[in-house]
Every structure is written in structure tokens, then in C-alpha cells.
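The values are calculated or read from the model by the stated rules, or taken from the named source; none is laboratory data. Remember, predicted model here, so these are calculated numbers, not experimental data. Note that we place each Cβ from the backbone using ideal geometry, even for glycine, and neighbour counts take in every protein chain shown. Keep in mind that these areas ignore ligands, DNA and RNA; they rest on the heavy atoms of the full protein, side chains included. Shrake-Rupley method; radii C 1.70, N 1.55, O 1.52, S 1.80 Å.
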Amino acid sequence: MNKKQTPWKKSRTFGDIYGGRTRLRLNDNIFMRAHSLKRPNSSDQLPILIQDNPSRDFFFPISVDDAKEAIQALPEDDYRGITHIWLRRFNKSEYEKGHLPLAEFICGSGVRVIILYPFPKNMVMNLGFKKPSDRKIKELSKWCGDIKNTKGNWSIKWNIVALKKYYINCLLYHEVGHHVDWYNRCWSKANNKQLEEFADQYAIQKTATAIRIFNKLENN
């Protein structure tokens, strides 16, 4: 059953899309559907939490409550203005076609939403038929070193501990970094490389906080 801490309604207006992880292909219709949230009322407690039921072959490594606790461990100025945290379901076909990242930050029409997408239950992340860049391998190896090439297809097998840390540090905090950048306008939104580097550096700087929150959540 969907977990909605506060009622929300769909809106016909859409905003700008920032960040997320590396995408194989962009599909505007998918991202327009993602920003379908109405501006919060002044009485709403923020961030509004939404957690969908993932499809049968997927799961959310962290809960929406975990995500809220993780962002509220950051400096208040960094997360102020985030209106929603949405653990959003997607269709398996969207995942297989590479249409979606694992996370993204979308803003517009009074909405600042961080979206986290589910992960395959088999714990395997497909990286495609082209060998990942050395930078990508280095990034993933910090979390899980089991990168394989099977019949020309590159993939990485995760364990649950590493995956939870990755979702908090490299996905959730990365998107908070885009939120910080949007408010401070450190880089033009047309400069995608600098936008991503800023968010990456923000997440790296918050690694100690991410590990502390992970340990706290595991011990609760």
C-alpha cells in the first residue's frame, strides 16, 4: 500500500529537471510524469513523504522515513525548501530500456522533490555492453567491487549494506547537492557537467554524515 504522510494531488504544471545519476537515454514524457505534484499548502509539514509499492522484481533499499532522517541530519539551510521525498515506482520496461536514473531532483511550480527509484531484487545493476569508464568503475568500487563481464554484458552485484549506504550517500545526498546548487545558483543549469560535479562533491563532503546515519538506522 502506498505510504502518503500527507495527502497530495496531481498538477498539470511541470518544472526543470536537475541531476540524477547517469542516464542511458532521456525521455521527456517520463520526467513530465515524475513532476506531477501540487504545491504544498502552508499547513503541510515538509517534506511530504510518498512511498509507492515497487513492482514485483524491485524494492527500496531505504524507506521514505530513512530518507527524511538522512536529509535532516544535514545543515538545515541545505535541505530547507525541499517539499517532497518520493520513493517512486516505475515499470520494469522503463528500467530495462535505461530510461530512468536511480534518483533525481526536480523543481518547479512551488515543488522541490527528490525522487528515489527502486532497485532489482536480484541485487544486480546492469552497466551495459560497453565497458564502464575507469571513473565509473572507481566510483562503484568504493561501494562494491564485484564488477563482472558476462558474455559482453557488464554488471555489478551488490550486497544490501553497500546498497543502503550508496542510496543515502551517492543518491540522496547527491540530489540534495542539486537542491543546494539550485538555490545558490553556483552553476548555470545549461552546464550539466559542472552541475553534476557540484552535486558529486557535495555528496563526498557529507560521507561521514551518511555513514553515521546508516549506522544509526541499522541499530534502531
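The condition (being modelled with pLDDT of 85 or more, among the β-branched types (Val, Ile, Thr) and surrounded by fewer than 20 Cβ atoms within 10 Å (Cβ to Cβ)) is satisfied by just one residue among Ile204, Ile168, Ile114, Ile106: Ile204.
Condition test on His35, is it out of contact with any Lys or Arg (no Cβ under 7 Å at 6 or more places or on another chain), open to solvent by less than 60 Å² (accessible area, probe 1.4 Å) and at pLDDT 90 or above?
It is false that His35 is out of contact with any Lys or Arg (no Cβ under 7 Å at 6 or more places or on another chain), open to solvent by less than 60 Å² (accessible area, probe 1.4 Å) and at pLDDT 90 or above.
Scanning the range 130-160 for residues that are surrounded by 13 or more Cβ atoms within 10 Å (Cβ to Cβ) and either free of Cβ contacts under 8 Å to residues at least 12 places away in the same chain or charged (D, E, K, R) (or both) yields Lys131, Lys136, Ile137, Glu139, Lys142, Asp146, Lys157.
Of all the criteria given as (1) among the aromatic types (Phe, Trp, Tyr); (2) out of contact with any Lys or Arg (no Cβ under 8 Å at 6 or more places or on another chain); (3) within 30 Å of Lys38 (Cβ to Cβ), the one not satisfied by Tyr173 is (2). Checked against (1) more than 24 Å from Glu197 (Cα to Cα); (2) within 15 Å of the chain's Cα centre (by Cα); (3) outside any loop (DSSP other than H, G, I, E, B), Ala67 passes all but a single condition, namely (1). Here is a list of conditions, (1) surrounded by 13 or more Cβ atoms within 10 Å (Cβ to Cβ); (2) closer than 24 Å to Leu127 by Cβ, and Asn192 meets all of them except one; can you say which number that is? It is condition (1) that Asn192 fails. Quick one: in the range 74-93, of everything that is surrounded by fewer than 16 Cβ atoms within 10 Å (Cβ to Cβ) and out of contact with any Asp or Glu (no Cβ under 9 Å at 6 or more places or on another chain), which residue is nearest to Thr209 (Cα to Cα)? My answer is Pro75.
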